[in-house]
1. Can we say A:LEU228 is crowded, with 16+ Cβ neighbours inside 10 Å, within 12 Å of another protein chain (Cβ to nearest Cβ), of a type in the set (A, V, I, L, M, F, W, C) and within 23 Å of B:GLN92 (Cβ to Cβ)?
2. What tally of residues in segment A:42-62 results from selecting those that are under 23 Å from A:PRO312 (Cβ atoms) and in contact with a helix residue (DSSP H, G or I) (Cβ under 6 Å, 6 or more places away or on another chain)?
3. Any chance segment B:78-90 includes a residue that's surrounded by fewer than 16 Cβ atoms within 10 Å (Cβ to Cβ), among the charged types (D, E, K, R) and either at the interface with chain A (Cβ under 7 Å from one of its Cβ atoms) or out of contact with any strand residue (DSSP E or B) (no Cβ under 7 Å at 6 or more places or on another chain) (or both)?
4. Scan segment B:139-161 residue by residue and report those that are more than 17 Å from B:ARG172 (Cβ to Cβ) and in contact with a Gly (Cβ under 8 Å, 6 or more places away or on another chain).
5. Of the residues A:GLY229, A:GLY256, A:GLY262, which single one is of a type outside the set (A, V, I, L, M) and more than 19 Å from the chain's Cα centre (by Cα)?
6. Run B:PHE145 past the list (1) within 11 Å of chain A (Cβ to nearest Cβ); (2) under 14 Å from the mean Cα position of the chain (by Cα) and report the number of the one that doesn't hold.
7. Among the residues of segment B:98-116, which ones are modelled with pLDDT under 90 and either facing chain A (nearest Cβ under 7 Å) or in a helix (DSSP H, G or I) (or both)?
8. Failed condition for A:PHE166, given (1) part of a helix (DSSP H, G or I); (2) at pLDDT below 90, with all others met?
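The values are calculated or read from the model by the stated rules, or taken from the named source; none is laboratory data. No experiment lies behind these values; they were computed from the predicted model shown. Because the Cβ atoms are built from the backbone with ideal geometry, glycine has one as well, and the counts that use them run over all protein chains shown.
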Amino acid sequence: MTRAGLPSLPLRRGVPLVALCLVAMIVAIGAAPFIGSTPIRVARVFSRSTPFADNIDAQIFFIARLPRALAAALVGGTLAAAGVVFQGLLRNPLATPYTLGVSAGASLGAMVVMTFGAAWPVGGVASASLAGAGLAVLVVYWLARARHSGLSTTVLLLAGVTLNAFFSALILFVQYLSDFVQTYRALRWLMGDLDVASFAPILAALPLVLVAFIAFAWLARPLNLISLGADAAASRGVDVERAQRVAFFSASLATGAAVSVGGPIGFIGIIVPHLVRRLVGSDHRLVLPASTFFGAAFLIGCDAVARTILAPLELPVGIITALIGGPFFLWLLIRKR
Amino acid sequence: MPLSAAHLSFGYPPAGLRPHEASPLAVSGVSIVVDHGALVGILGPNGSGKTTLLKLLAGILTPRAGTVMLDGRNVSTMPARERARRVAVVPQETHLAFDYTVLEIALMGRYPHLGPFEVEGPQDLAAAEAGLEATGTGRLASRMFQNLSGGERQRVIIAAALAQLDEDESSRVLFLDEPTASLDLKYQLEVAALLRRLHDRQHVTIVLSTHDLRFAASVCTEVILLSAGRVLAQGPPREVLTPAAIAELYEIDVSAAPLVST
């Protein structure tokens, strides 16, 4: 075999595809604010002749739609990347950001504050959901560590799934104690909604997401090796236990932050990684950034549909992701083999 | 002597409800020496501790007692990446969570040669290609791993292990756990030929575990008989694989099952 016949580094060949996903995200962020039940025009949004207080187009753009598009980008990108990390950690392509109980904990925290909320000190529902997510993560981690020297992914999975069910029961119990208004609000939150109405929730979640993504960047190569098996990764010099711990906590942190902004929006964390792997292969150094960008673009697109399909009624975006995601995922499964 | 073990003992933590109870030893008081360039087979029945011993020697497991020394250094206290550049392990079977190309798998062998955020360069590509060439899998480079046959997979994993080891041939050891257990006869012969080639031409020190007496007798320069976690005998196959030793090892009547003819 000649040298010329051998392929170049596979990583390099995936870079244009990652760039393509980045472009898709930027285009989506730029275009989404101009889609909606009230038409706005670019010239008027950026017009300097009208003061902001009188410029309806600018107000719609900067107060309602741009924060919403950015929230969708943050939540979509974060959930997709967290999905990739959970799938790598559990060595299971069917894992989601919610498999290990993070969303159930977040939902319980949100429900409790919505129902008995007066005493909760700061940050309202968002911080309460983050606290709930943190509680769930610590319980699952403690269980997975309790009987093993390392982190058992089997126990992690069992503990997560069981805690999901247990917290769901607690959520129903809290709902049972709520009045009609509280129940309606809680139900809307559970459906997932990106109507953030300001940049504040995005800026609050951003530092947590950034910390998680630094960890993700470090994890990309260890997750590749863990795909071969824990022993195989260890024999190639990976500190498997540390990689698993970092993966679990960073992906949980990212998921908790995303859910605190948009509620437990489903399917993004499983559909997007699946699609992206078909595009760029399985190397996590490509799958992670591509999923982040594509997940952002995908959720912005779903949110645009949610805002316009029954206009002037706005659907919660979680309904759209599930409506698109469910059948689409089934189609993927059937098509694969 | 590149690799030696002294008074090695190990037991897995019990899986039941009494974690503080002492568990039985899977490997107990094992002392062995592996010479440069040797091709050593660890032989024994199922459950005799072959795989555990292999993992202890390779530094994947930390012994409860005793030490493993590689070129005068303790394997279990050596930094993981440094150890991985000298010691590579080929597991019995590899099941991928996600599918990679053959070249990607070979390049993963370069992990201990790269910094945390470093990307593979030309020399890593060259090492991966050399590994694939040495195992005769260069033409498969762009195929998906999970579409390969069992024998091809085994050789690709060996290629990744070769890419993992330092160029310097004096202190590198390749461990293989049951390299032929899940392969049919044709692939068994292929793997045997490959191991002989690595031994003869590249002078890689090879330690493998197997329960296949004929395979060990035909490939290995030295065999270690392991029974219930203890060494029964060590030496060249002709001297060690006597009917009496095999009868003791497998607790069978060898005259009724004439498996070996050395």
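1. Details: crowded, with 16+ Cβ neighbours inside 10 Å: yes; within 12 Å of another protein chain (Cβ to nearest Cβ): yes; of a type in the set (A, V, I, L, M, F, W, C): yes; within 23 Å of B:GLN92 (Cβ to Cβ): yes.
Taking the combined requirement at face value, the residue satisfies it.
2. 5
3. Yes: segment B:78-90 contains one or more residues that are surrounded by fewer than 16 Cβ atoms within 10 Å (Cβ to Cβ), among the charged types (D, E, K, R) and either at the interface with chain A (Cβ under 7 Å from one of its Cβ atoms) or out of contact with any strand residue (DSSP E or B) (no Cβ under 7 Å at 6 or more places or on another chain) (or both).
4. Correct list: B:ARG155 only.
5. Numbers: A:GLY256 fails: more than 19 Å from the chain's Cα centre (by Cα); A:GLY262 fails: more than 19 Å from the chain's Cα centre (by Cα).
Matching residue, one of A:GLY229, A:GLY256, A:GLY262: A:GLY229.
6. Going through the list (1) within 11 Å of chain A (Cβ to nearest Cβ); (2) under 14 Å from the mean Cα position of the chain (by Cα), B:PHE145 breaks only (2).
7. Here is the first cut: in segment B:98-116, the ones modelled with pLDDT under 90 are B:115-116.
Within segment B:98-116, B:PRO116 is the sole residue that qualifies.
8. Every listed condition holds for A:PHE166 apart from (2).
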